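Chemist: Dropping the structure in here first, questions after.
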Amino acid sequence: GAVVSQHPSWVICKSGTSVKIECRSLDFQATTMFWYRQFPKQSLMLMATSNEGSKATYEQGVEKDKFLINHASLTLSTLTVTSAHPEDSSFYICSASGPNTEAFFGQGTRLTVV
Amino acid sequence: AQSVTQPDIHITVSEGASLELRCNYSYGATPYLFWYVQSPGQGLQLLLKYFSGDTLVQGIKGFEAEFKRSQSSFNLRKPSVHWSDAAEYFCAVGAWNTGNQFYFGTGTSLTVIP
């Protein structure tokens, strides 16, 4: 299957700082990317959907000014957690899909805010 | 509304015993169904998927699942469980006409007793 690479795999940051997570499709053009968040022992919840070159669409309850999503190219989307706080600590996973293809998931990023 | 239900939060089985994890879905369109496995601190690994055709699908690691439209179910099975199968299992439903957005169940945690 296609490969989606997410970086970093884990990150620890201080409260109040910003963290950027990258999601890359390595061997296909990802016209749509999704960002999910998973709290400990819970399921994955969709945060936002982004189409290349367009503004992301956020799910209800997700702060778009806090979770900045950029999908400027067909192979890269970034999620920036701005002014991170301990309650933002979570596992973040992206998925990417191209035209008429299924979605493929990245490996996930574990964010810990201290 | 789309939803996925995994009725069993936690299952414990003995190594070598058979396993069945339940998944029921509610979806307005023709669903594509997936089972993923997640080991602690890791990303998602696709076990198997159903798009169309034969309703019994084979996956990796000896897993299989059967799509039953009349019951809106997609249960995951394995004839003989190995200790390495201990993990969290997620059922998901998606469709290309929603842009590959996935809806996940809450997950079933599997413990394998030696």
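Chemist: Could you name every one of the strands (runs of 3 or more DSSP E) located completely within the range B:35-96 that has at least 2 residues being closer than 22 Å to A:GLN42 by Cβ and facing chain A (nearest Cβ under 10 Å)?
Modeler: B:45-50, B:87-94
Okay, residues lined up against (1) among the basic types (Lys, Arg); (2) modelled with pLDDT under 90; (3) surrounded by 22 or more Cβ atoms within 10 Å (Cβ to Cβ):
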position: A:SER15; (1), (2), (3): no, no, no
position: A:VAL19; (1), (2), (3): no, no, no
position: A:SER25; (1), (2), (3): no, no, yes
position: A:SER89; (1), (2), (3): no, no, no
position: A:GLY98; (1), (2), (3): no, yes, no
position: A:ALA103; (1), (2), (3): no, yes, yes
position: A:LEU111; (1), (2), (3): no, no, no
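Chemist: While we're on this one: Do we have any residue at all in the range B:53-76 that's loosely packed, with under 12 Cβ neighbours inside 10 Å and acidic (Asp, Glu)?
Modeler: yes
Chemist: Then there is this: Can you find even one residue in the range B:22-34 that is modelled with pLDDT of 95 or more and within 14 Å of another protein chain (Cβ to nearest Cβ)?
Modeler: Within the range B:22-34, one or more residues are modelled with pLDDT of 95 or more and within 14 Å of another protein chain (Cβ to nearest Cβ).
Chemist: Sticking with this one: I need the full set of residues from the range A:1-37 which are closer than 15 Å to A:CYS94 by Cα, away from every other protein chain (no Cβ under 13 Å) and in a loop (DSSP other than H, G, I, E, B), in order please.
Modeler: A:LEU26, A:GLN29
Chemist: Condition first: in a strand (DSSP E or B) and among the β-branched types (Val, Ile, Thr). Now tell me which residues in the range A:38-75 satisfy that.
Modeler: A:THR49, A:THR57, A:ILE69
Chemist: Please verify whether the range A:66-81 includes one or more residues that are at pLDDT 95 or above and aromatic (Phe, Trp, Tyr).
Modeler: Yes, the range A:66-81 contains at least one residue that is at pLDDT 95 or above and aromatic (Phe, Trp, Tyr).
The values are calculated or read from the model by the stated rules, or taken from the named source; none is laboratory data. Computed from a predicted model, the values in this text were never measured in an experiment. As a convention, Cβ positions derive from the backbone with ideal geometry for all residues, glycine included, and neighbour counts pool all protein chains shown.
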